[in-house]
Amino acid sequence: MPHTQPVFIAESADVAPEATIGEGTKVWHLAQVRELADVGRECIIGRGAYVGPGVRIGDRCKLQNHALVYEPAVLEDGVFVGPGVVLTNDYFPRAVDLDGRLKDAHAWTAVGVTVREGASIGARAVCVAPVEIGRWAMVAAGAVVTRDVPDFALVVGSPARRVKWVGHAGVPLQYVGADVFRCPVSGRAYVETNGLLREERSRS
């Protein structure tokens with residue numbers, strides 16, 4: 001029978017009874033996980049992090065201290081969200097409506113950020129919904145993402161733009177010719193086609 005890892009929730013954390021927390025996940029001090037949020041297995045929700053209502057987080061994800069993940073964001077498996085990162089959910093934000101009344105949750109339509117498998121978002125980056133961060137992509141610290149990020153892209157700046165390709169190990173790839181890039185850590189090869197990168201399939 002497989003061993004079940006316990007869930008750890010710090011005493012000062014605020015986890016809604018309607019939230020789902022996967023086995024082996026740790027929710028640290030002053031973090032808040034709202035109702036109907038679904039957090040996968042073996043995740044870390046850091047101090048002061050916020051997970052909005054209905055947010056979906058895959059397995060083995062890390063939300064570092066004070067990361068703010070607003071609904072309806074979706075994070076696939078193995079995603080890293082650095083300290084102070086913000087995933088927004090309102091493309092045209094206003095506190096009040098045209099009559100000057102305070103907007104409530106029913107006065108606007110939330111749009112989310114989707115972060116695909118293995119992607120990383122550096123400290124204090126802002127992802128302005130609706131955008132998608134591709135598989136194994138990397139968003140540099142302090143970047144402001146306003147459009148979709150391709151798989152394996154390293155983006156920097158405001159607005160964020162691609163400057164390099166990165167592999168599964170997270171380090172910049174080295175160009176070896178004929179549109180082929182190689183990871184200096186793993187040795188994996190990647191091929192660029194029409195501005196997109198994919199892992200080279202092994203030849204049998």
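None of the figures in this text is laboratory data; all of them are computed from the coordinates on show. Since the model is a prediction, treat every value here as computed from it, not as a measurement. Here the Cβ is made from the backbone with ideal geometry for all residues, glycine too, and neighbour counts use every protein chain on show.
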Cα-centre dipole for the stretch 104-186 with unit charges at Cβ (Lys and Arg positive, Asp and Glu negative), debye to 20: 300 debye
What ranking do 68-79, 136-147 get when scored by the average of other Cβ atoms within 10 Å per residue, highest first? 68-79, 136-147
Starting from the stretch 147-204, pick out the GluC sites (Glu not before Pro) whose DSSP state is loop and whose Cβ has at most 14 other Cβ atoms within 10 Å. 200
Summed side-chain charge close to residue 153 - residues other than residue 153 whose Cβ falls under 15 Å, Lys, Arg +1, Asp, Glu -1: +1
Write down the percent of antiparallel bridges among all DSSP beta bridges whose residues are both part of the stretch 86-179, to the nearest 5. 35 percent
So for the pair residue 180, residue 168, with labels modelled 7 Å out along Cα→Cβ, what separation do we get in nm? 1.8 nm
Value of relative contact order over the chain, rounded to a whole percent, pairs C-alpha under 8 Å and six or more apart: 10 percent
Of all beta bridges DSSP finds with both residues in the chain, what is the antiparallel percent, to the nearest 5? 30 percent
Check: the chain dipole with +1 on Lys, Arg Cβ and -1 on Asp, Glu Cβ, in debye: 780 debye
